[in-house]
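Remarks on the structure that follows.
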Amino acid sequence: MTTHRLLARQIRQATDESGKVDLTRLGELVSAAYEESDRDRRRTDRAIKLMIEELEQTHRRAEQDLLRAREFLDSIIENIPIAVFAKDAKDSRYVLLNRAGEEYYGMPREEMLGKTPEQIFPKEIARVVSEQDRRVVDSGTPMFQEGHLLEVGVNGHDRLVNSRKLLVCDSNGAPQYVVGVIEDVTERITNEARISHLAHHDALTDLPNRSAFNAALDERLERAQEASTSFAVLSLDLDRFKEVNDVFGHPVGDMLLRAAADRLAAEADGTFVARIGGDEFMILMPEQARREEALTLGERLVEVIGKELEVDDYLSQVGVSVGIAVYPDDGVDAATLLANADSALYRAKREGRGRVCFFESEMDQELRDRRLLQHDLRHALEQNQLLVYFQPQARMDGEVIGFEALLRWKHPTRGFVPPDRFIPLAEENGLIIQIGEWVLREACREAASWPRPLQVAVNLSPIQFQAGDLERSIHQILLETGLAPTRLEVEITEGVLIGDFTRALNLLRRLKALGIRIAMDDFGTGYSSLSYLQSFPFDKIKIDRSFISNLEATPQSAEIVRAVLSLAHALNIPVVAEGVETEAQRAFLEQEACEEMQGYLVGRPDLIERYLDLIGVAVVRRLYA
Amino acid sequence: MHIQYLHWNAAHGWRGANAPREPAQLVLYFGNREGLAGGARYRELRDRYPDSHVIGCSTGGQIHGDDISDDEVVAVALRFARTRVRVVNEVIESREGSRACGVRLARQASAADLAGLFVLSDGLSVNGGELLAGITEVLGSDLHVTGGLAGDGTQFEQTLVGADGEPAPNRVAAIGFYGEAFRFAHGCAGGWDVFGPRRKVTKSEGPVVIELDGEPPLDLYTRYLGDEEAAAMPGSGLAFPLRIHDEAEPHRQIVRSVFAVDRDAGTLTFAADIPQGCTAQLMRANFDSLAAGAGEAGRQARSALADGIEGDKLAILVSCTGRRRVMGQRTQDELDAVAAELGDDVVRIGFYSYGEIAPPSASGRCELHNQTMTVTVIAEAAA
């Protein structure tokens, strides 16, 4: 028997130098060792027992945590608004389905869980579903189908869904579940389509917009270049639309645009019609469309748009002008084609509206000319190229009672530029304000120098009414020149009253209060709205020259002149007839009791030096004064 | 290197070595607090070795060879052939000053040829971790530092350290070994196993743990020890050290044992800082696993010792008081295990401590340990 190491040690410790064992000492040591062992055992037992308790507690806590985590995840999966399912990777049996999934499939989960697709779905669908599952399991790669229609389920087949399936493997990498999510994206796709539509369509007319047109044109150019075909681009602009908008207001204008757009789209069926801004439209004709077809379409459009449009109880008449450019003759790139279609349109407008014009290369020149002219006009005033001509106005018996001041431009190389060419340009770029003021000042200064206190009439542009402080500048000029306000007459057209009617009216009233006389010019053309006559006490009405020159040719003109005269007389407004050139015209007007006249019969517009006798200046005195 | 062993007991006084032929440079001694208090033992050694550095500390039991004694004072006188020895010491006023104290101590010892530092520190009024951080700050982590915290049996009242003076509380001392010939090898192991759930240190301040899993730590120890043994805290608490797991340093093995108890607050003070928020797990051991741990420390030290040694080899064993308390009469087993690994040619001396100082096997940086056996072997290389 081997002695335990500890006992051997204890015996050694209890043995004295002589080799005698002290039994009492040995007993103490052995007893203490037992005690130590007991204590250690008790401590160990206790520790094990406590540890077990603690571990159990920890385990319970962990279980609770796990349960809570599971409940948390379950509730999320259950309430997520996306259908979620899981299937056994081996046999495609459903093992999980959330609430959205039940809605998607249109059946409670009890009818699906534990079953294979074949047990749930019609044969054809089951085959597709199982095949997809197999593919995901075999390849290990996820499957994603975007925006496809529902294949299964009874909850409406018009819904679009994104569906994806992916494989979940266990820790050893063996296929465990096929997990799928199915998301209803109908709203999103509809929204995307709507946004895309909005991005490429004009909100008012629902026609394609400028960017859509540009894209279509680019595409068409590419195709035409490849196939060496031709096509036409039509640029359209509604005539007199601005006036409608001004007179009747934007809501009516918008309705008119919609109606016009509908007509355009209906008539130009088979082409690409776009609204590119304001009252401008573009049409892209199909490939291989010949010039004649473009012209025919243009003319048809002029005709249908020209027909009266009934808009919200208003009867409105607008027209359309059309410019046509043809690829490749009139340009091989988008910018050139569009610019040339625009110059053709501009020409159509200028030639009297309601017309269809093809682009011609000289139009290009015209457009350049126009820009050059505009450029020259800016310098005309400072380089003293502008002149004021005076044309006498007389009573029917020939007595001159005043002059109308008329602006002329004597260009150093072009010679005299017709007013109807440069005044619209000046109105376009706002120069008319400066020029108009200059004319007014010149006319007043001149008139103030006349010995005879004759009237002087000056034309005011609508632009002068809209911008700048017209009242102040007239007042200033009268003070500067010393002309009595009662000798000044301003001629305005309806254009002044169209637009901000109230503002224009107030301004006219204030001018009249200064003593200035106000004449309505070009009466009989445009709208000639009688309401204008009613709303403001004009001092004079000027009948447009077009009626006078036709007096002898068309009986209607005479009737119109009569009607105007009788209306004016009823309102106690004197009338001036413009463009009186013959004695016969004068005689007719006198007979009809027209008060005054103006025209070649009385005198042409000319420098005032030509009429010194009429203003009461002796020629000699004037020359040597 | 030449070693002389001597020991003292009340019956016979000093016994052992004859008068040395050549004077020793260093005398190292360990004894219980009662034995060292008053300074008589120091003065006797000083008389015997007037020209030597004399350094020692109080313990929780003295080790010499295979024996453990509580009453004897054990000592070795060392004469080096080619190694220079210096002894430095510092007074530590408060635990908070531990790091600064370590810095001062290391600055005194620092020299270009410093080859090893053996530290003996007060065991109760020092934050051992901070002390070592201060030393490492000055000397760098490459220098090997070993040693231990002085003990006071299982009383935890007062520990003494003396370096060329009478042993006194609040002292930190160190022996610096200088020169190329000096050889320094060490090992450190515990043999404890974690058990039970991981717990969170929910509240702590420095070395004081206020809450473990929201509960006063004293309650936990009382449950595990039972009321009877819990009355003997902190000594009985040594049976269940704490394994500290710091997320910031996941590979660092830190074992801490209880040093003081505040029964009113229910808090426990450990040998070094325990960061709030870290994870702690109780540890326990049996006789065999502790002995095996000690054997492992011996094996590490032996295998780290270079060949080509000339003269005697001294192993200084610093083992934890907690181990002795758990093992009782079986404590001898761990000394046997160390001896078996070191071999017969190594002289063994040492003590049971309140903390062991050595770089752990995993990292080179020296650390304060609890509940380990650390073995430091010093020797000189052949010329």
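The values are calculated or read from the model by the stated rules, or taken from the named source; none is laboratory data. Everything quoted here is computed from the prediction, not taken from an experiment. Neighbour counts run over all protein chains shown; Cβ positions are idealised from the backbone, glycine included.
Whether any residue in the stretch B:312-321 is buried (at least 23 other Cβ atoms within 10 Å of the Cβ) and in a helix (DSSP H, G or I) is what I want to check. Before you say what the answer is, go through the steps one by one.
Step one: list which residues in the stretch B:312-321 are buried (at least 23 other Cβ atoms within 10 Å of the Cβ), which gives B:315-321.
Within this subset, residues satisfying the condition of being in a helix (DSSP H, G or I) are B:321.
Within the stretch B:312-321 (the criterion being buried (at least 23 other Cβ atoms within 10 Å of the Cβ) and in a helix (DSSP H, G or I)), the answer is yes, since at least one residue qualifies.
Quick one: A:V417 ticks every box in (1) in contact (Cβ under 8 Å) with a residue 12 or more places away in the chain; (2) closer than 18 Å to A:G599 by Cα; (3) not polar (S, T, N, Q) bar one, so which box is it?
Single failed check for A:V417: (2).
Can you name the condition, by its number, that A:L23 falls short on among (1) farther than 24 Å from B:V194 by Cβ; (2) within 14 Å of chain B (Cβ to nearest Cβ); (3) hydrophobic (A, V, I, L, M, F, W, C)?
(2)
Out of the strands (runs of 3 or more DSSP E) lying entirely within the stretch A:335-441, which hold 1 or more residues that are surrounded by fewer than 18 Cβ atoms within 10 Å (Cβ to Cβ) and of a type in the set (A, V, I, L, M)? Break it down stepwise before answering.
Working: elements: A:356-358, A:386-395, A:400-411, A:415-417.
Those strands (runs of 3 or more DSSP E) span A:386-395, A:400-411.
Got a sec? Which of A:G468, A:G495 is touching a helix residue (DSSP H, G or I) at 6+ places or on another chain (Cβ under 6 Å), of a type outside the set (S, T, N, Q) and not in a helix (DSSP H, G or I)? Walk me through it before giving the result.
Working: A:G495 fails: not in a helix (DSSP H, G or I).
The unique qualifying residue is A:G468.
Could you tell me which residue of the stretch A:96-138 is surrounded by the fewest Cβ atoms within 10 Å (Cβ to Cβ), considering only residues that are at pLDDT 90 or above and in a loop (DSSP other than H, G, I, E, B)?
Taking the candidates together, the pick is A:P108.
Quick one: A:E480 ticks every box in (1) touching a strand residue (DSSP E or B) at 6+ places or on another chain (Cβ under 9 Å); (2) surrounded by fewer than 17 Cβ atoms within 10 Å (Cβ to Cβ) except a single one, so which number is it?
Only one criterion is unmet by A:E480, namely (1).
Restricting attention to strands (runs of 3 or more DSSP E) lying wholly within the stretch B:233-273, give those where 1 or more residues are farther than 17 Å from B:E130 by Cα, modelled with pLDDT of 85 or more and out of contact with any Leu (no Cβ under 6 Å at 6 or more places or on another chain). Full working, then the answer.
Numbers: elements: B:242-245, B:254-256, B:258-262, B:267-270.
In the stretch B:233-273, the matching strands (runs of 3 or more DSSP E) lie at B:242-245, B:258-262, B:267-270.
For the list (1) part of a helix (DSSP H, G or I); (2) over 20 Å from B:S236 (Cβ atoms); (3) in contact with a Leu (Cβ under 9 Å, 6 or more places away or on another chain), I need the number of the one condition that B:D336 fails.
Here B:D336 meets the rest and fails (3).
I need the full set of residues from the stretch A:62-94 which are in contact (Cβ under 8 Å) with a residue 24 or more places away in the chain and farther than 20 Å from A:P108 by Cβ, in order please.
A:A89, A:K90, A:D91, listed by residue number.
Restricted to the stretch B:206-225, and to residues that are free of Cβ contacts under 8 Å to residues at least 60 places away in the same chain and farther than 22 Å from A:K49 by Cβ, which residue is farthest from the chain's Cα centre (by Cα)?
Applying the filter and picking the extreme gives B:G214.
Rundown of residues vs (1) away from chain B (no Cβ under 11 Å); (2) assigned to a loop (DSSP other than H, G, I, E, B); (3) closer than 30 Å to A:R127 by Cβ, yes/no style:
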| residue | (1), (2), (3) |
| --- | --- |
| A:A33 | no, no, no |
| A:E54 | no, no, no |
| A:K87 | yes, no, yes |
| A:D91 | yes, yes, yes |
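Do you know which residues across the stretch B:173-201 are under 21 Å from the mean Cα position of the chain (by Cα), outside any strand (DSSP E or B) and not small (G, A, S)?
Hit for the stretch B:173-201 is B:W192, nothing else.
Check whether at least one residue in the stretch B:266-279 is within 14 Å of another protein chain (Cβ to nearest Cβ), surrounded by fewer than 24 Cβ atoms within 10 Å (Cβ to Cβ) and out of contact with any Phe, Trp or Tyr (no Cβ under 9 Å at 6 or more places or on another chain), and report yes or no.
First, pick out the residues of the stretch B:266-279 that are within 14 Å of another protein chain (Cβ to nearest Cβ): B:279.
Filter once more, so that each one left must be surrounded by fewer than 24 Cβ atoms within 10 Å (Cβ to Cβ): B:279.
Checking the rest, the ones that are also out of contact with any Phe, Trp or Tyr (no Cβ under 9 Å at 6 or more places or on another chain) come to B:279.
Within the stretch B:266-279, one or more residues are within 14 Å of another protein chain (Cβ to nearest Cβ), surrounded by fewer than 24 Cβ atoms within 10 Å (Cβ to Cβ) and out of contact with any Phe, Trp or Tyr (no Cβ under 9 Å at 6 or more places or on another chain).
So, in the stretch B:176-201, exactly how many residues are over 24 Å from B:D288 (Cα atoms) and either at pLDDT below 90 or more than 11 Å from chain A (Cβ to nearest Cβ) (or both)? Show your work before the answer.
Filtering the stretch B:176-201 for residues over 24 Å from B:D288 (Cα atoms) gives B:176-185, B:198-201.
Checking which are either at pLDDT below 90 or more than 11 Å from chain A (Cβ to nearest Cβ) (or both) leaves us with B:176-185, B:198, B:200-201.
The qualifying residues number 13.
So which of B:R99, B:R33, B:R104 ends up being of a type in the set (D, E, K, R), in contact with a Leu (Cβ under 8 Å, 6 or more places away or on another chain) and free of Cβ contacts under 8 Å to residues at least 40 places away in the same chain? Explain how you work it out, then say what you get.
Details: B:R33 fails: free of Cβ contacts under 8 Å to residues at least 40 places away in the same chain; B:R104 fails: in contact with a Leu (Cβ under 8 Å, 6 or more places away or on another chain).
The unique qualifying residue is B:R99.
Could you count how many residues in the stretch B:202-232 are more than 13 Å from chain A (Cβ to nearest Cβ), among the hydrophobic types (A, V, I, L, M, F, W, C) and part of a helix (DSSP H, G or I)?
Here the count works out to 1.
Take the stretch A:1-16 and flag every residue that is part of a loop (DSSP other than H, G, I, E, B) and away from every other protein chain (no Cβ under 13 Å). Don't jump to the end; show me each part of the working.
So in the stretch A:1-16, the residues part of a loop (DSSP other than H, G, I, E, B) come out as A:1-4, A:16.
A:M1, A:T2, A:T3, A:D16, listed by residue number.
Which pairs have Cβ atoms under 9 Å, sit 6 or more apart or on different chains, and link a residue in the stretch A:443-457 that is under 12 Å from A:P392 (Cβ atoms) to one that is hydroxyl-bearing (S, T, Y)?
Qualifying pairs under 9 Å: A:Q455/A:T486.
Scan B:L160, B:L124, B:L131 and give me the residue that is at pLDDT 90 or above, surrounded by fewer than 23 Cβ atoms within 10 Å (Cβ to Cβ) and touching a strand residue (DSSP E or B) at 6+ places or on another chain (Cβ under 8 Å). Can you show your working first?
Details: B:L160 fails: surrounded by fewer than 23 Cβ atoms within 10 Å (Cβ to Cβ); B:L131 fails: surrounded by fewer than 23 Cβ atoms within 10 Å (Cβ to Cβ).
Of B:L160, B:L124, B:L131, the one residue that is at pLDDT 90 or above, surrounded by fewer than 23 Cβ atoms within 10 Å (Cβ to Cβ) and touching a strand residue (DSSP E or B) at 6+ places or on another chain (Cβ under 8 Å) is B:L124.
Can you spot a residue in the stretch B:220-243 that is in contact with a His (Cβ under 9 Å, 6 or more places away or on another chain) and either buried (at least 19 other Cβ atoms within 10 Å of the Cβ) or more than 18 Å from B:A285 (Cα to Cα) (or both)? Can you show your working first?
Residues of the stretch B:220-243 that are in contact with a His (Cβ under 9 Å, 6 or more places away or on another chain), as a first pass: none.
No, the conditions are met nowhere in the stretch B:220-243.
Would you mind telling me which numbered condition in (1) more than 9 Å from chain B (Cβ to nearest Cβ); (2) surrounded by 14 or more Cβ atoms within 10 Å (Cβ to Cβ); (3) in a helix (DSSP H, G or I) A:S75 fails?
(2)
Output the number of residues of the stretch B:233-254 satisfying the condition of being without any contact (Cβ under 8 Å) to a residue 12 or more places away in the chain and farther than 18 Å from B:P207 by Cβ.
Counting residues in the stretch B:233-254 that are without any contact (Cβ under 8 Å) to a residue 12 or more places away in the chain and farther than 18 Å from B:P207 by Cβ gives 1.
Can you tell which of A:R61, A:R70 is at the interface with chain B (Cβ under 10 Å from one of its Cβ atoms) and assigned to a helix (DSSP H, G or I)? Outline the logic, then answer.
Numbers: A:R70 fails: at the interface with chain B (Cβ under 10 Å from one of its Cβ atoms).
On inspection, the qualifying residue turns out to be A:R61.
Within the stretch B:286-293, is even one residue away from chain A (no Cβ under 14 Å), crowded, with 17+ Cβ neighbours inside 10 Å and without any contact (Cβ under 8 Å) to a residue 60 or more places away in the chain?
no
With the structure loaded, tell me whether B:G165 is crowded, with 18+ Cβ neighbours inside 10 Å, in a loop (DSSP other than H, G, I, E, B) and either of a type in the set (A, V, I, L, M) or touching a residue at least 24 places away in the same chain (Cβ under 8 Å) (or both) or whether it fails that test. Spell out how you get there, then give the answer.
On the way: crowded, with 18+ Cβ neighbours inside 10 Å: no; in a loop (DSSP other than H, G, I, E, B): yes; either of a type in the set (A, V, I, L, M) or touching a residue at least 24 places away in the same chain (Cβ under 8 Å) (or both): yes.
For B:G165, the condition - crowded, with 18+ Cβ neighbours inside 10 Å, in a loop (DSSP other than H, G, I, E, B) and either of a type in the set (A, V, I, L, M) or touching a residue at least 24 places away in the same chain (Cβ under 8 Å) (or both) - is not met.
Based on this model, can you work out whether A:R41 counts as more than 60 Å from the chain's Cα centre (by Cα), loosely packed, with under 14 Cβ neighbours inside 10 Å, within 14 Å of chain B (Cβ to nearest Cβ) and modelled with pLDDT under 90? So that I can check it myself, show each step before the final result.
Working: more than 60 Å from the chain's Cα centre (by Cα): yes; loosely packed, with under 14 Cβ neighbours inside 10 Å: yes; within 14 Å of chain B (Cβ to nearest Cβ): yes; modelled with pLDDT under 90: yes.
Judged against the criteria, A:R41 is a match.
Hey, does the stretch B:14-31 have a residue that's closer than 25 Å to B:Q155 by Cβ and modelled with pLDDT under 95?
Within the stretch B:14-31, the subset closer than 25 Å to B:Q155 by Cβ is B:28-31.
Going one step further and asking which of them are modelled with pLDDT under 95, we end up with none.
No: the stretch B:14-31 contains no residue that is closer than 25 Å to B:Q155 by Cβ and modelled with pLDDT under 95.
Only strands (runs of 3 or more DSSP E) wholly contained in the stretch A:501-577 count here; list those with 3 or more residues that are of a type outside the set (A, V, I, L, M).
Numbers: elements: A:517-523, A:540-543, A:575-577.
Answer list for the stretch A:501-577: A:517-523.
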